[in-house]
1. Would you look at the GNM of the chain, springs on alpha carbons closer than 10 Å, and say which of Ala76, Ala134, Ala230 moves the most?
2. Using a basic spin-label model with each label point 7 Å from the Cα along Cα→Cβ, how many nm lie between Asp132 and Lys217?
3. With helices defined as uninterrupted DSSP H runs, which ones in the chain have an alpha carbon span along their own long axis of at least 15 Å and mean Kyte-Doolittle hydropathy of at least 0.0?
4. Over what distance in Å are the Cα centres of the stretch 250-298 and the stretch 100-124 separated?
5. Taking the Cβ of Glu126 as the center, what net charge do the other residues with Cβ under 11 Å away carry, scoring Lys and Arg +1 and Asp and Glu -1?
6. Taking the Cβ of each residue in Asp81, Asp160 as the centre, tally the other Cβ atoms inside 10 Å and list the residues starting with the fewest.
7. Once you keep just the Cα pairs under 8 angstrom separated by 6 or more residues, what percentage relative contact order results for the stretch 255-319?
8. Under a plain spin-label model, where a point goes 7 Å from the Cα along Cα-to-Cβ, how far apart in nm are Val82 and Gln289?
Amino acid sequence: MPVMDKRVHASPPQEAEFEAVRSALAERVARWTTRVDQFVTPCPGLMLYRHDAPTEAMSCLVEPAIALTIQGAKRALLGDDVYDYSRHRFLLTTLDLPIVLQTVEASAQSPYLSLVLKLDARAIAELIVQGDLAPPVRDQPMAKGIALGETSQTLLEGFDRLVKLLDEPEALPVLAPLVQKEIFYRLLTSKQGALLWQIASLGSQSQRIARAIEWLKTNFSQSLRVEELAALAQMSTSRFHHHFHQLTSMSPLQFQKWLRLNEARRLMLTEQLDAATAAFRVGYQSPSQFSREYGRQFGSPPRRDMERFLHLRSIEGGAHS
C-alpha cells in the first residue's frame, strides 16, 4: 500500500521563521477550540478542528477543500492510497470524496490542531482570469481528486490572517474574502495548481464527474443506471467509468454503495432505526445483502457495530460525569 508522504526539510533560518508563524497560528486555533472538537467559524467555509487524543478511523464524505494541519498528524485513505499529512503537508480535495480519516498524533499536552477551508470555484476562476494564469500542460495525465501539497510559510501566513479576523467581526465580511482569495492564489501557483484548474474549468472532466457525484448524493436510494449517469456527465459509458474511477478510486456503483451504507449507519445511530428499516430507507431490497455489505464496509454487522458505538458513548459519558 503506497504512502503518499515525503518529509520537507527547510534550512534552519527558514524553519525558524516557519515555526514562529505555525506556533502563533496554533495558539489561535487552540484558543477557539478550547472546549470543542470542531468550531464552525463565522467566516464562510472555514472550520477549526482539535483532538486531544488519537481517533478511530472514520468514514466521511469530504468536500472540495484544503485541510491544513498546524499541530499533530492525520491520515486519509482513499482506495488503496494512504495520505499522511502534518505541519509540513496539507491535504487538498477537489471533489466530494468518500475517504477514511484518522488522527494519528495527538495528546492533551499537544493536541491535534487543523483548519479546513472549502474551495470556492467561482473565486478560483476569477483569480485565473485576473492573474492571467497559464493553464496546466494538456498532455499531463488527469490526477485523482485528492493530493498532498507542501505547506509554505506564505500559505501559513494567509491562514493566520484569516483566523485573526475572527477577533474582528465587523471587518470579517469585507476582509475575509480577500484573504481567502490570497490563499487560493497561493494554491493555484503551487505544484497542486492543476487540481484547482479542474474545479474552475466548467468543461473539465473533473467538473463533469462532479455533476454525476452531486446526482448520486441526492439520489443514492434510487436504482442506478450508469448509462444515464454517463449521459448526465456528457460522456460515453466506458469513458465515464474510466474517469470516475481515476478521480475517486471507486466505480459509480461502489460510490453509491458507500453513500447508502454510511447513511444507513447514521440513521441507526441518530434515529435509532433497526437495521432492516434503515436498509430499506437507503434503497436496499434485501436485509441480508445489506448486512453482508455493511460488515464488509465497517468490519462488523449492523447490530454489533451499534453495540460498539453505544459502549463507546457510555465510556465517554462516564469519563465526563
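What follows is calculated from the coordinates using simple rules that are stated; it is not laboratory data. No experiment lies behind these values; they were computed from the predicted model shown. A quick note on method: Cβ atoms are made from the backbone with ideal geometry, for glycine too, and the neighbour counts reach across all protein chains shown.
1. Ala134
2. Simple spin-label model gives 3.6 nm for this pair.
3. Long hydrophobic helices here: 172-188.
4. For the stretch 250-298 versus the stretch 100-124, the Cα centre distance is 28 Å.
5. Neighbour charge sum, excluding Glu126 itself: +1.
6. Fewest to most other Cβ atoms nearby, the residues stand as Asp81, Asp160.
7. Relative contact order, the stretch 255-319: 24 percent.
8. Between Val82 and Gln289, the label points sit 3.4 nm apart.
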